[in-house]
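See below for the structure under consideration.
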Amino acid sequence: MPKILPATGGDVVEIILADHRWFEEALRELRDVRSDRAAVLADLATVLIAHAEAEESKVYPSLRRKDAIDAEEVEHSTHEHDEGNAALLALMEVEDTDSEEFSSKTHELSEALSHHLDEEERDVLNPARTDVSEETRRLLGDAFAEERARLIDSGCGDIANVRKLVEAAD
Ligand SMILES: [Fe+2]
Ligand SMILES: [Fe+2]
């Protein structure tokens, strides 16, 4: 199963892409009937929440200040994080990981996440590649990795915290 990736510094685009690949791998394992689905889901919840929160607090504001992305893009991406969190919570609330319901909620999370990763890679990471300096991308990578690690240590993927985030977004 995919182990939680350690937070490394470096180019923020590369770090975010590595997480996106990891999400896709974790989703694949969630679909696999042979997996320890509860354990995979717990890790996915942790990294997903840490990743999205760190993007919102460390990456989007800086790209916005540098005019790489506009306010609407920030709002749209944040809204997609909220939708992803709601789909994540719905899946975490299913008790039987072998049930049809677990399967259909996995599908819903998978759809929400794939949609967001695609848009973010095209509309946020591309301007980060072309409109900000390498130095900025490195500084942002360090800030993102540090915040992501802090959130993981704080237990950000606990169901109580996921619920709190979903309720706050309503
Ligand atoms: Fe992302
Ligand atoms: Fe995102």
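The values are calculated or read from the model by the stated rules, or taken from the named source; none is laboratory data. Keep in mind it's a predicted model, so treat the numbers as computed, not measured. A quick note on method: Cβ atoms are made from the backbone with ideal geometry, for glycine too, and the neighbour counts reach across all protein chains shown. Ligands, DNA and RNA are stripped out before the accessible areas are found, and what is left, the full protein with its side chains, is counted by its heavy atoms. Shrake-Rupley method; radii C 1.70, N 1.55, O 1.52, S 1.80 Å.
Selection of segment 1-31 for residues being among the hydrophobic types (A, V, I, L, M, F, W, C), open to solvent by 10 Å² or more (accessible area, probe 1.4 Å) and more than 16 Å from ligand 1 (Cβ to nearest atom) yields only Met1. Is segment 1-16 home to any residue that is more than 15 Å from the chain's Cα centre (by Cα), within 26 Å of Ala168 (Cβ to Cβ) and not in a helix (DSSP H, G or I)? No, because not a single residue in segment 1-16 is more than 15 Å from the chain's Cα centre (by Cα), within 26 Å of Ala168 (Cβ to Cβ) and not in a helix (DSSP H, G or I). Output the residues belonging to segment 32-41 that are open to solvent by 50 Å² or more (accessible area, probe 1.4 Å) and either touching a residue at least 60 places away in the same chain (Cβ under 8 Å) or within 15 Å of ligand 2 (Cβ to nearest atom) (or both). Within segment 32-41, just Val33 meets the criteria.
Tallying residues that are charged (D, E, K, R), within 14 Å of ligand 2 (Cβ to nearest atom) and within 16 Å of Arg28 (Cα to Cα) within segment 98-128 yields 0. For segment 26-46, the condition holds for no residue, the condition being that it is under 12 Å from Leu113 (Cβ atoms), at pLDDT 95 or above and acidic (Asp, Glu).
Can you spot a residue in segment 134-153 that is closer than 16 Å to Leu27 by Cα, in a helix (DSSP H, G or I) and free of Cβ contacts under 8 Å to residues at least 12 places away in the same chain? No; the residues of segment 134-153 include none that is closer than 16 Å to Leu27 by Cα, in a helix (DSSP H, G or I) and free of Cβ contacts under 8 Å to residues at least 12 places away in the same chain. Selection over segment 93-116 of residues that are farther than 15 Å from Val33 by Cβ and either of a type in the set (Lys, Arg) or within 17 Å of the chain's Cα centre (by Cα) (or both) gives a count of 10. Scanning segment 126-165 for residues being aliphatic (A, V, I, L, M), over 14 Å from the mean Cα position of the chain (by Cα) and either open to solvent by less than 80 Å² (accessible area, probe 1.4 Å) or within 15 Å of ligand 1 (Cβ to nearest atom) (or both) gives a total of 6. Just one residue in the set Ser114, Ser103 is surrounded by fewer than 18 Cβ atoms within 10 Å (Cβ to Cβ), hydroxyl-bearing (Ser, Thr, Tyr), more than 13 Å from ligand 1 (Cβ to nearest atom) and at pLDDT 95 or above; that residue is Ser103. Across segment 53-100, the qualifying residues are those that are open to solvent by less than 60 Å² (accessible area, probe 1.4 Å) and outside any helix (DSSP H, G or I), and the one among them that is nearest to ligand 1 (Cβ to nearest atom) is Ile69.
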